[in-house]
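Presented below is the structure to which this report refers.
The values are calculated or read from the model by the stated rules, or taken from the named source; none is laboratory data. A quick note: this is a predicted structure, and the numbers were derived from the prediction, not measured. Positions of Cβ are backbone-derived with ideal geometry, glycine not excepted, and every protein chain shown enters the neighbour counts. All accessible areas refer to the heavy atoms of the entire protein, side chains included, with ligands and DNA or RNA removed. Shrake-Rupley method; radii C 1.70, N 1.55, O 1.52, S 1.80 Å.
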Amino acid sequence: MKKLFLVLLVCGLNTTLVAQIIELDTVVVSPIKYKYLFEVLDDDIDKSVKDLQKKLAEFDVTKEDYYNDEYNGYRISFYIPKGYAVATYDKDGKLIKTIERYKNIKLPIAVSNALVERFPNWTVDKDVYQIKYSEKKWDSKKTYKIKLTNGEKIIRVKTDKDGNFL
């Protein structure tokens, strides 16, 4: 009886281990510029900015109708309501550099804390977030230009992404 039970148990387990075959209609393969994303993507930045930066990284100029391999490069502009990005791609579709500018986005925690500590009674009136990425230099420059108000008084400050005043 034990042997019969073990045989039925093994047969029952064996039928559930059969692999399922799944057929896919289409498979989409798209290049992603990880070097760019690693350099510019921040966790505590506005979601719309993150989404645009991901689109910059996923964009493949070689798949576009206007692509011609005789040109040395392409400058492509991307727009969202809070700002824009201008990206330069070489003739192979490699992302060479970007210039990005976003207005009135949520400031990172480090920048907000630095502002509260240095300017306790001031409020943020406007802010501009700028990113300059260069593949050749393997780095990016991120700055925040912030307009602060305190009643009738107005000052403008500039910080990096870590809240260091420039």
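Regarding V111, is this residue hydrophobic (A, V, I, L, M, F, W, C) and open to solvent by 50 Å² or more (accessible area, probe 1.4 Å)?
no
Regarding the stretch 35-44, can at least one residue be identified that is more than 22 Å from E135 (Cβ to Cβ), modelled with pLDDT under 90 and not hydrophobic (A, V, I, L, M, F, W, C)? First the steps, then the outcome.
Kept after step one, since they are more than 22 Å from E135 (Cβ to Cβ), are these residues of the stretch 35-44: 43-44.
Retained after the next criterion (residues that are modelled with pLDDT under 90): 43-44.
Filter once more, so that each one left must be not hydrophobic (A, V, I, L, M, F, W, C): 43-44.
Within the stretch 35-44, one or more residues are more than 22 Å from E135 (Cβ to Cβ), modelled with pLDDT under 90 and not hydrophobic (A, V, I, L, M, F, W, C).
When only residues in the stretch 122-159 that are more than 21 Å from Q53 (Cβ to Cβ) and of a type in the set (S, T, Y) count, which is least open to solvent (accessible area, probe 1.4 Å)?
Among residues in the stretch 122-159 that are more than 21 Å from Q53 (Cβ to Cβ) and of a type in the set (S, T, Y), the one least open to solvent (accessible area, probe 1.4 Å) is T149.
Enumerate the pairs (first residue in the stretch 61-73 and open to solvent by less than 100 Å² (accessible area, probe 1.4 Å) and small (G, A, S); second residue anywhere and assigned to a helix (DSSP H, G or I) and at pLDDT 80 or above) with beta-carbon separation below 9 Å, excluding pairs fewer than 6 apart on the same chain, so at least 6 apart or on different chains.
Close Cβ pairs satisfying both conditions: G73/V61.
Out of the stretch 154-166, which residues are in contact (Cβ under 8 Å) with a residue 24 or more places away in the chain and not aromatic (F, W, Y)?
Residues satisfying the conditions are I154, I155, V157, T159, K161, D162, G163, N164.
Against the definition (modelled with pLDDT of 85 or more, open to solvent by 40 Å² or more (accessible area, probe 1.4 Å) and among the hydroxyl-bearing types (S, T, Y)), how does Y79 come out, yes or no? Quick ask: steps written out before the conclusion?
Working: modelled with pLDDT of 85 or more: yes; open to solvent by 40 Å² or more (accessible area, probe 1.4 Å): yes; among the hydroxyl-bearing types (S, T, Y): yes.
In short, yes.
Output the qualifying pairs, or none if there are none: Cβ atoms under 6 angstrom, residues six or more apart or on different chains, first residue in the stretch 92-114 and β-branched (V, I, T), second residue assigned to a loop (DSSP other than H, G, I, E, B).
I96/E135; I105/D46; I105/K82; I109/D44; V111/G163
Is at least one residue of the stretch 100-109 within 18 Å of D139 (Cα to Cα) and either at pLDDT below 85 or outside any loop (DSSP other than H, G, I, E, B) (or both)?
yes
Using the structure shown, decide if D51 is over 30 Å from N150 (Cα atoms), open to solvent by 30 Å² or more (accessible area, probe 1.4 Å) and touching a Lys or Arg at 6+ places or on another chain (Cβ under 6 Å).
Here the answer is no, as D51 does not meet what is asked.
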